[in-house]
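Below is the structure I would like to discuss, written out as structure tokens.
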Amino acid sequence: MPMPRFFAAACFCAALLAPSAAGVEGKWTPQQVLELDPAWLRQLGLQLPPERLWDPRRGAGLLSAAVNIGGCSAGFVSETGLILTNHHCLFSVLQEHSTPQRDLMTHGFLARSPEEELPGRTTRVTVPRRFTDVTKAVLEAVPAGATDLQRYEAIERRQKELVAECERQPGTRCRVAVFDGGVQYVLIESFELSDVRLVYAPPRAIGEFGGEIDNWMWPRHTGDFALARAYKDGKPYRPEFWLPISRDGVRPGDFVMVLGYPGRTVRSLTAAEMALQRDGFFALRARIYGEWIQLLEQATKGSRDGEIAVASTLKSLHNVVKNAQGQMAGLARGRILEKQAEQEKEVEAWAAQRPEWRPAIEARRELDRRAGERRRTMLRDFLFQSIPNGPIALRHATQLVRLAAERARPDMEREPDYMERELPRLRARLERDQKSFYRPADEALMRSWLRHALALPEGARIRAVDAAFRNAPLEQAVAQLYAGTKVTALEERMKMFGETVEQLRARRDPLLDFAFALEEELRAFDRAQKEHEGAASRLRPAWRRAVMAHAGRPMAPDANGTLRVSFAHVKGYSPREAVEYLPQTTLAGMLEKHTGEEPFALPKSLLEAAARVDPAQVPLNFLADADTTGGNSGSPTVNGRGELVGLNFDRVWENVANDFGYNPAIARNVNVDIRFFLWLLEHVDHADGLLKELGIRR
Ligand code: ASP
């Protein structure tokens, strides 16, 4: 079914026709790419006909070489199922297989034969196949006069039906993606590959060169890449589309496209909602997760086992915290909320003159009013939402309790995360998490979580926490909880996975009992969230349509984890007055940063190879003005002919807040130059077999 035209091609006018002057906002959907003016795309630098990117009749095209790998993006790079993505996207597989005796995180990994490849127990890849506009089918499901909660439930139910129907085809994974809070619903059909094995990763000193100091920064010199292979029925998967590697490289001004799965942006929120997102989400992430980083570091000091266990968690917390700080700094620096509020005023003044758009004004005000209400419980809500990133034992206990209750219901009536289709994933996670569990660290996080809960203001307290911990010395109470529970013991936990509510209760496990006490409040929180989502699905489209009509130009929807393309050019920028950044770095800059001390301590093998070349001739990272966000990590960056020239892995500090609003002057994404990857394989790792597979060597 064709997607509705968001806009007429004719509106690609002069303002958008100056590719080298200003960046192009937009993470375009495959359907939108086909609706864009081909002449404009050619002018930007696309040398292929747009239908080569995506052919909806076949459900394939160059874009189907860009796959989703557990929240990151990746690209097929050989006909033998090799997938190139970021080192930080496959880091958890390295952690999964590391021991103090065989520390793959530190030393990297290269499988010299297929037998040596390392399975990622929870790693999955999805290859896109079909996008169908189901907006009408979804909205028809909402009964007249429905409350907001009923509205949410009706939409969710219809989504489940569409997904169930779609997944009747074997190996197929489907989802209904919501665009701009309900302007459009699209059924996405993908092909799922659940056997994914790590083939190659550089040592951490290269894959993460510069560590947290350089993260989200420019100039950059990081080899953030790794290779995996997808298998189907025990044999290497043969993708229909894969990206040939170009050795031509890039130069300033060159056209590139970034293909991938940007996770979440919030540009369609109102200014008041954005302020809530800043205060109730990013500020709390920075504060509480920042505290968790310190706790994890302290609790594992001196224990290599402990350090290995928390390595992956710690790495992602670091990334998230620095991101949250960047979001807040960028919001203030770019006056993004103020600009959004000014724009809202303009749209309202415009809508007030047009009776058909007047309801939009009321819709926005109600969204704002709701944001004001949600502020009152934001700390408590954040604590509930942080459970998946917090103490592993608490996460498991709450999941097991929820699972037991949900399992007793017919599949279609369960919470989506606990439907049969999700259980193999949940099971794999519950098992795999053991590798990341280190009791002293987990206890420290648990104490912190409880301490924050005990400090909540009146009116937003958590009764279950008060009842169990208000009058107890926390240190002791938590130690007892962990000493008494079996949730943290792998074998027992896997038994619990299959148990009923009665069986779990009969265990009299103190942590499960706490989770049972918490469950009622977690359910109430979920209900409130659903009610809010239901209201937003009614209000936001009304407001957004007015914004789009007022803009009178094409607008790409907010990121929502679905396949997108961003058109860009290789380009530097000015981070502050009197400073100009060039867009490319080389091995020479990496060597200059090398101090021998972490995170600037290069391995000997690299230093030796570097001594044999002119390092200024080995390109390393480059900037482009692509519109990207988290989730775009690992996105293939291709030239106008669709050949791989790099791999997106980051944004620059000044651009972190582009989740809220796009600013062409500082919108820069950071890519690894594919030539550095090849240089490393060739001259440092001597990975001849891989180079052959990649078509680089005969
Ligand atoms: N480095 C990022 C990530 O962690 C990519 C980005 O946000 O631009 O996903």
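The values are calculated or read from the model by the stated rules, or taken from the named source; none is laboratory data. Everything quoted here is computed from the prediction, not taken from an experiment. In this analysis, Cβ positions are derived from the backbone assuming ideal geometry, glycine residues included, and neighbour counts consider all displayed protein chains. These accessible areas exclude ligands, DNA and RNA; they are computed on the full protein's heavy atoms, side chains included. Shrake-Rupley method; radii C 1.70, N 1.55, O 1.52, S 1.80 Å.
Specify which residue in the list Ala205, Pro615, Met217 is farthest towards the positive end of the charge dipole of the chain, using unit charges on the beta carbon of Lys, Arg (+1) and Asp, Glu (-1), about the Cα centre.
Of the listed residues, the answer is Met217.
Once phi is turned into θ = phi - 60°, what whole-Hz ³J(HN,Hα) does the Karplus curve with 6.51, -1.76 and 1.60 give for every residue of segment 391-406, x standing for Gly and Pro?
For segment 391-406, the Karplus curve yields x, 4, 4, 5, 4, 5, 4, 5, 5, 5, 5, 5, 4, 4, 6, 5 Hz.
Right, next: Quick one: accessible area per residue over segment 548-657, 1.4 Å probe, rounded to a whole number of Å²?
Solvent-accessible surface per residue comes out at 36 Å².
Leaving out ligands, DNA and RNA, what percent of the accessible area of the chain is carbon and sulfur, probe 1.4 Å?
51
Considering the options Tyr581, Ala536, Ala549, tell which one lies farthest towards the positive end of the dipole of segment 526-581, charges being +1 on Lys and Arg and -1 on Asp and Glu at the Cβ, about the Cα centre.
Among Tyr581, Ala536, Ala549, the one farthest towards the positive end of the dipole of segment 526-581 is Ala549.
Classify segment 154-286 as rounded, prolate or oblate from the Cα gyration tensor: take a ≥ b ≥ c as the square roots of its eigenvalues, call it rounded if a/c is under 1.5, otherwise prolate when a/b beats b/c and oblate if not.
Here segment 154-286 falls in the oblate category.
Please give the peptides 377-383, 421-427, 219-225 ranked by average Cβ packing (other Cβ atoms within 10 Å per residue), highest first, as a rough proxy for protection.
In descending order of packing, they fall as 219-225, 377-383, 421-427.
Please report the net charge: other residues with Cβ closer than 15 Å to the Cβ of Leu63, K and R +1, D and E -1.
After counting each charged neighbour, the total is +2.
OK, next. Pull out a ≥ b ≥ c, the square roots of the eigenvalues of the alpha-carbon gyration tensor of segment 254-310, then state rounded if a/c is under 1.5, prolate if not and a/b is larger than b/c, and oblate in the remaining case.
Cα axes put segment 254-310 in the oblate bin.
With all protein chains present, calculate the accessible area of Leu587 using a 1.4 Å probe and round the result to the nearest 10 Å².
0
Follow-up. List the residues whose amide H sits under 5 Å from the amide H of Gly108, counting only those 5 or more places along or on another chain, with H placed 1.01 Å from N in the peptide plane.
Arg204
Show me the GluC sites (Glu not before Pro) within segment 158-261 that DSSP assigns to loop and that have at most 15 other Cβ atoms within 10 Å of their Cβ.
Answer by residue number: Glu240.
For Arg641, list long-range residues whose amide hydrogen, built 1.01 Å from N in the peptide plane, is under 5 Å from its own amide hydrogen.
Those qualifying (amide H under 5 Å, at least 5 residues apart or on another chain) are Gln47.
Further question on the same structure: At 1.4 Å probe size, with every protein chain present, just tell me what the per residue accessible area of segment 121-195 comes to in Å².
Here the per-residue accessible area is 44 Å².
Just to verify a number: what accessible area does Cys174 come out at with the full protein assembly present, 1.4 Å probe, Å² rounded to tens?
Counting only protein heavy atoms, the figure is 10 Å².
Each residue of segment 355-368 in order: what ³J(HN,Hα) in whole Hz does its phi give by Karplus 6.51 cos²θ - 1.76 cosθ + 1.60, θ = phi - 60°, with x for Gly and Pro?
x, 5, 9, 4, x, 4, 5, 5, 4, 5, 5, 5, 4, 5
For the chain, what number results from the quotient of the Cα radius of gyration and 2.2 N^0.38 Å?
Taking the Cα Rg and dividing by 2.2 N^0.38 Å, one obtains 0.95.
For a quick protection proxy, order the peptides 394-402, 149-157, 521-529, 575-583 by their average other-Cβ count within 10 Å, most packed first.
Packing order, densest peptide first, comes out as 394-402, 149-157, 521-529, 575-583.
Using amide H atoms built 1.01 Å from N in the peptide plane, name the residues 5+ places from Asp254, or on other chains, whose amide H lies under 5 Å from its own.
Long-range HN contacts for Asp254: Val570.
Need one number: nm distance between label points at Glu415 and Ala578, each 7 Å from Cα along Cα→Cβ, rounded to one decimal.
About 5.6 nm separates the two model spin labels.
In Å², what does the accessible area per residue of segment 224-369 work out to with a 1.4 Å probe?
With the other protein chains kept in place, segment 224-369 gives 45 Å² per residue.
Can you compute the helix-only [θ] at 222 nm over the chain? Use -39500 (n - 2.57) per DSSP H run of at least 4 residues, normalise by all residues, nearest 500 deg cm²/dmol.
-13000 deg cm²/dmol
Using a 1.4 angstrom probe on the protein heavy atoms only, line up Arg175, Arg369 by accessible area, largest first.
Largest accessible area first, the list is Arg369, Arg175.
Once ligands and nucleic acids are excluded and a 1.4 Å probe is used, how much of Tyr438 is accessible, expressed in Å² to the nearest 10?
60
In nm, to one decimal, how far is the Lys692 label point from the Glu431 one, both placed 7 Å along Cα→Cβ?
3.4
What lysines could a cross-link reach from Lys235, if we take a straight Cα to Cα line under 22 Å and drop same-chain neighbours fewer than 8 places away?
Straight-line reach from Lys235, under 22 Å: Lys692.
Moving on to the next point. Which one of Tyr185, Ala164, Leu149 is farthest out on the positive end of the charge dipole of segment 108-187, using unit charges on Cβ (Lys, Arg +1; Asp, Glu -1) and the Cα centre as origin?
Ala164
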